[in-house]
1. I need the full set of residues from the stretch 162-185 which are under 16 Å from the mean Cα position of the chain (by Cα) and open to solvent by 50 Å² or more (accessible area, probe 1.4 Å), in order please.
2. Examine the stretch 26-34 for a residue that is farther than 19 Å from GLN141 by Cα, of a type outside the set (Ser, Thr, Tyr) and part of a helix (DSSP H, G or I), and state whether such a residue exists.
3. For the structure I just gave you, tell me whether HIS162 is at pLDDT below 95 and not hydrophobic (A, V, I, L, M, F, W, C).
4. If you go through the stretch 63-80 one residue at a time, do you hit one that is open to solvent by 30 Å² or more (accessible area, probe 1.4 Å) and touching a Pro at 6+ places or on another chain (Cβ under 7 Å)?
5. Of all residues in the stretch 18-61, count the ones that are without any contact (Cβ under 8 Å) to a residue 40 or more places away in the chain, under 24 Å from PRO88 (Cβ atoms) and of a type in the set (D, E, K, R).
6. Name the single residue that is most open to solvent (accessible area, probe 1.4 Å) among those in the stretch 22-56 being touching a strand residue (DSSP E or B) at 6+ places or on another chain (Cβ under 8 Å) and of a type in the set (Gly, Ala, Ser).
7. It is to be established whether one or more residues within the stretch 5-18 are of a type outside the set (D, E, K, R), assigned to a helix (DSSP H, G or I) and within 18 Å of THR73 (Cα to Cα).
8. Name every residue in the stretch 54-81 that is assigned to a loop (DSSP other than H, G, I, E, B), closer than 19 Å to PHE186 by Cα and of a type outside the set (A, V, I, L, M), in order of residue number.
Amino acid sequence: IAVPSLNHASYLNEALESLFSQDLPIEVFVADGGSSDGSLSIITNWENKLAGWRSYPDQGQSAAVNEGIARGTAPYVCWLNSDDRLLPGGLAILLQSLMEHPEASAAYGRVWNEGVGSKRRPIITAPFSPALLAQFCIISQPGTLIRRTAWETVGGLDVNLHMAMDYDLWWKLNNNVGPLIYNKKFVAVNRDHAT
């Protein structure tokens, strides 16, 4: 699991806590872009559980995710932005979906959106369909798990993309490897905030 981060000290601890409370063995690599807000003390507090970490300016989120995943060996990969979090058992739900569907390149579940001072609302997700995906991004990135073989087949994220890199990835996985499988359970929380 790659965790790209930059100046998200107010969220990073909660993101890491959500990962290490999953009831599965995981590898987590934090790719910090050179934070100056106290993130490094949070990272060093988790250092004994991390597979690795670094902190220096990079080429952006896509490059940081690619780097973090490349440093791991686990057969399944994903990334969690430092301001998002997994729900308890979320990773196990996605893993079970992939185990039940060997033809799938990735699995995804439902994700809550949480704004500052507002109630949670579900992000629009739906069972995978190329026709639907062409109209809306029906997959919410924090709620995804990808087979490493599929990730490596498509070359990970396009480092030239900084906003639509996940949408691009869903298309590459479907077109080059296999379908993405939907699970209707909630697995993660996405945060909307000014920073």
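The values are calculated or read from the model by the stated rules, or taken from the named source; none is laboratory data. These numbers were taken from a predicted model, which means no experiment stands behind them. Positions of Cβ are generated from backbone atoms using ideal geometry, with glycine treated the same way; all protein chains shown enter the neighbour counts. Just the protein is used for accessible areas: all its heavy atoms, side chains included, with ligands, DNA and RNA removed. Shrake-Rupley method; radii C 1.70, N 1.55, O 1.52, S 1.80 Å.
1. Matches in the stretch 162-185: HIS162, MET163, TYR167, TYR182.
2. There is no residue in the stretch 26-34 that is farther than 19 Å from GLN141 by Cα, of a type outside the set (Ser, Thr, Tyr) and part of a helix (DSSP H, G or I).
3. Considered against the rule, which asks whether it is at pLDDT below 95 and not hydrophobic (A, V, I, L, M, F, W, C), HIS162 comes out as yes.
4. no
5. 2
6. In this case the residue turns out to be ALA51.
7. No - not one qualifying residue is present in the stretch 5-18.
8. If the condition is that a residue be assigned to a loop (DSSP other than H, G, I, E, B), closer than 19 Å to PHE186 by Cα and of a type outside the set (A, V, I, L, M), then CYS78, ASN81 are the ones that fit.
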